[in-house]
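The structure under discussion appears below in the form of structure tokens.
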Ligand code: 4NP
């Protein structure tokens, strides 16, 4: 059973959206003085061991966060016991997480934008195959979600 609040962000490749969500949430947690553990992972294994996509690194840097030291990894069954919150960036990754959750998994599963009242059920769109500008939209989306999640955790949820 996980004690301290801990949050794992999950997308497909763990090189674009979930590292950005991790960085945005670290920043919000810092602002609110939350004592949380934070990580990110992917459901697909193509980029395991790699740093975030250079476009993700650039948008994070532009917004004051350095993510070049992050390395992609796969989500594992143990993550469901280790983390108190597992937060998916879109519905297909949430479905994968639901299907791989072990019976003794205690983590609360949700979509990132479920924490934003007006955006419940919305996905953070995958920017990987799109234009560079898509990463600014990703940053805005993950920041909105991260702020709402940090407030929810500060409120004890
Ligand atoms: P992410 O984006 O899930 O936001 O990290 C992707 C990165 C890589 C791939 C797909 C999505 N890929 O197919 O390699």
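No value in this document is a laboratory result; all are computed from the given coordinates. Note that this is a predicted model, so its numbers are computed, not measured. Because the Cβ atoms are built from the backbone with ideal geometry, glycine has one as well, and the counts that use them run over all protein chains shown.
Stretching residue 137 away from residue 157 to a fully extended chain increases their span by 4.5 nm, per 0.36 nm per residue minus the current alpha-carbon distance. If you take the Cα centroid of the stretch 34-79 and the Cα centroid of the stretch 98-115, the two points sit 19 Å apart. By the beta-carbon count within 10 Å of each Cβ, the least crowded to most crowded order of 71, 119, fewest first, is 71, 119. For the chain, the gyration tensor built on C-alpha atoms gives a rounded shape. Its axis ratio a/c (a ≥ b ≥ c) stays under 1.5. Using the Cβ-Cβ distance between residue 45 and residue 117 with R0 = 35 Å, the FRET efficiency computed as 1/(1 + (r/R0)^6) comes to roughly 0.50. Note on residue 98/residue 30: beta-carbon distance plugged into 1/(1 + (r/R0)^6) with R0 of 30 Å gives a FRET efficiency of 0.45.
Label zone of residue 37 (point 7 Å out along Cα→Cβ, amide N under 17 Å): in the stretch 67-103 this covers 71, 73-87.
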